[in-house]
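**Student:** The following block contains the structure, expressed as C-alpha cells.
The values are calculated or read from the model by the stated rules, or taken from the named source; none is laboratory data. All of these numbers come straight from a predicted model, not from anything done at the bench. Don't worry about glycine lacking a Cβ; one is built from the backbone with ideal geometry, like all the others, and counts go over all protein chains shown. Keep in mind that these areas ignore ligands, DNA and RNA; they rest on the heavy atoms of the full protein, side chains included. Shrake-Rupley method; radii C 1.70, N 1.55, O 1.52, S 1.80 Å.
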Amino acid sequence: IVEINGESNLKIGQRCVIATSLGCGECEACKSGKVYLCDKSSEIGYYPHNGGYAEYVKVPLSTIVPIPDTVSDYAGSILECVVCPTEALMNVGIPKDEGSSVLVLGAGPAALAFIQLAKIMGAKKIIALVRREDTAIRVKEFGATDVINSKETPDVLSELLKINGGKKADMVIESTGSRDIAELSIELVKKGGKVVLYGICDDSQPLRLNVKKIVVEELTIHGVVGNTKAWYPLVELIDQGKLNLEKMVTHKFKLDDIDKAFDLYRNHDKNLIKAKHFLVDCYSRFFTRNSKYCFYLDC
C-alpha cells in the first residue's frame with residue numbers, strides 16, 4: 001500500500017492481496033455477500049480497472065486483504081486462483097466419513113487447490129483423474145491418495161470402482177472445463193451424491209447431461225463461482241502452513257523477461273501449472289489491453 005484515501009486501519013507499506021470482485025452494493029446479491037453475482041459486477045484487472053502492467057492500481061478499501069509475513073509474495077501473487085475453490089468447498093462441504101471419497105477431475109491450478117482443500121477439510125480418500133504421467137505424480141504431491149490416468153485406463157468408471165472398493169465417488173469435482181469430462185462427472189458419482197461444476201465449458205459446446213439419472217438417483221449439482229467470503233480464511237490457512245501455494249509456482253520471471261514466459265506457453269511446456277490463453281483481446285487481471293496470455297510474473 002502506497003497511499004490511503006479515507007478512514008482505514010490499513011497502513012502505508014502493508015502487504016496485501018486484492019479481493020477482485022466489485023458490485024453495485026445495492027442489489028440483493030451484493031447485500032447477501034455475493035458481489036460476484038451482481039448484474040453490474042466488474043473485476044479489478046479487467047477494463048476499466050488497471051491490471052498488472054500498471055505501476056499503481058487504485059482499488060476500494062473494502063477489497064484490500066492484508067497478508068502476514070508468513071505469506072510470501074509468490075504465494076500472494078497466485079492466491080486469487082485458489083480463493084474460488086476455497087469458497088466453493090466452504091459452501092458445499094466435503095464428505096468426511098470413513099470410506100467416503102472425493103474425485104477431482106483435472107490437474108490444473110483449480111484441481112490442485114481442490115485436492116489440498118479437500119484434504120484440509122477432512123476428506124479421507126481423494127482420487128484425481130489426469131491424462132499424463134507427470135501430472136499423475138504432481139497431484140499425489142499435492143495430496144491425492146489415488147490417481148486414475150485416463151490415457152492409460154480409458155474405462156474411468158471401471159478403474160474408479162476398482163480402486164474405490166466397488167463404489168462410485170461420494171463427491172465429484174469437475175475443474176477441467178471440458179464438456180466430455182463434465183458429462184462424465186455425472187456417471188462417476190454415487191446415488192445421492194454431489195457433483196461440483198467449476199470448469200467453464202465453451203459456450204459453443206452445450207452440456208448433454210443425463211437428466212433422468214440426475215432425477216432418479218437424486219444427484220445434487222452445484223455450480224460454484226465467486227470468492228467474497230473466502231479471502232481471510234484462505235490467508236489464515238496459508239499462514240498456518242496448511243496450504244502450500246509456493247509449490248504451485250513453477251517458473252519465476254522478471255518483467256523484462258516476459259518473452260521467455262510467452263515462449264513457455266507457445267511451446268506447451270508441460271511443467272506449467274497456471275498459464276492462460278485468452279481467446280479475445282481484453283484487459284486481463286495481470287496484463288493490459290491486447291494481451292492474449294497470462295502468467296504470474298515477479299513484477
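**Student:** Based on this model, can you work out whether residue 294 counts as closer than 25 Å to residue 85 by Cα, under 19 Å from the mean Cα position of the chain (by Cα) and either open to solvent by 90 Å² or more (accessible area, probe 1.4 Å) or at pLDDT below 80 (or both)?
**Tutor:** yes
**Student:** Continuing with this model, one more query. Could you check segment 188-214 and list, in sequence order, the residues that are open to solvent by less than 60 Å² (accessible area, probe 1.4 Å) and either touching a residue at least 60 places away in the same chain (Cβ under 8 Å) or part of a helix (DSSP H, G or I) (or both)?
**Tutor:** Within segment 188-214, 188, 189, 196, 198, 199, 213, 214 qualify.
**Student:** What number of residues within segment 19-48 are farther than 20 Å from residue 78 by Cα, part of a loop (DSSP other than H, G, I, E, B) and within 19 Å of the chain's Cα centre (by Cα)?
**Tutor:** The total comes to 1.
**Student:** Quick one: how many residues across segment 124-144 are without any contact (Cβ under 8 Å) to a residue 40 or more places away in the chain and under 15 Å from residue 95 (Cα atoms)?
**Tutor:** Number of matching residues: 3.
**Student:** Please work out if residue 17 is open to solvent by less than 30 Å² (accessible area, probe 1.4 Å), closer than 19 Å to residue 142 by Cα and modelled with pLDDT of 90 or more.
**Tutor:** So residue 17 fails the test.
**Student:** Could you give me the residue pairs with C-beta distances under 6 Å whose first residue belongs to segment 33-57 and is without any contact (Cβ under 8 Å) to a residue 40 or more places away in the chain, whose second residue is open to solvent by less than 60 Å² (accessible area, probe 1.4 Å) wherever it lies, and which are 6+ apart or on separate chains?
**Tutor:** Going by the 6 Å Cβ cut-off, the qualifying pairs are 38/23; 38/24; 38/27; 38/29; 38/30; 40/24; 41/23; 42/22.
**Student:** Quick one: which residue in 75, 88 is of a type in the set (A, V, I, L, M) and at pLDDT below 90?
**Tutor:** 75 is the lone residue from the list that is of a type in the set (A, V, I, L, M) and at pLDDT below 90.
**Student:** Can you tell me how many residues within segment 176-188 are under 20 Å from residue 113 (Cα atoms) and at pLDDT 95 or above?
**Tutor:** Number satisfying all stated conditions: 1.
**Student:** Among the listed residues 167, 162, identify the single one that is surrounded by fewer than 22 Cβ atoms within 10 Å (Cβ to Cβ), at pLDDT 95 or above, assigned to a helix (DSSP H, G or I) and among the basic types (Lys, Arg).
**Tutor:** After ruling out the rest, the residue left standing is 162.
**Student:** Go through (1) surrounded by fewer than 20 Cβ atoms within 10 Å (Cβ to Cβ); (2) part of a loop (DSSP other than H, G, I, E, B); (3) in contact with a Lys or Arg (Cβ under 9 Å, 6 or more places away or on another chain) for residue 7 and report which single condition fails.
**Tutor:** Among (1) surrounded by fewer than 20 Cβ atoms within 10 Å (Cβ to Cβ); (2) part of a loop (DSSP other than H, G, I, E, B); (3) in contact with a Lys or Arg (Cβ under 9 Å, 6 or more places away or on another chain), the lone unmet condition for residue 7 is (3).
**Student:** What are the residues in segment 251-267 that are in contact with a helix residue (DSSP H, G or I) (Cβ under 9 Å, 6 or more places away or on another chain) and open to solvent by less than 60 Å² (accessible area, probe 1.4 Å), if any?
**Tutor:** 251, 253
**Student:** Also, I was wondering about something else. Looking only at residues that are part of a helix (DSSP H, G or I) and of a type outside the set (A, V, I, L, M) in segment 121-143, which one is nearest to residue 97 (Cα to Cα)?
**Tutor:** If we take residues in segment 121-143 being part of a helix (DSSP H, G or I) and of a type outside the set (A, V, I, L, M), then 140 is nearest to residue 97 (Cα to Cα).
**Student:** Give the residues of segment 215-229 that are polar (S, T, N, Q) and either within 15 Å of the chain's Cα centre (by Cα) or open to solvent by 90 Å² or more (accessible area, probe 1.4 Å) (or both), sorted by residue number.
**Tutor:** Selection gives 227, 228.
**Student:** Please count how many residues of segment 98-109 are in contact (Cβ under 8 Å) with a residue 60 or more places away in the chain and either open to solvent by 10 Å² or more (accessible area, probe 1.4 Å) or assigned to a loop (DSSP other than H, G, I, E, B) (or both).
**Tutor:** Residues that pass the stated criteria total 5.
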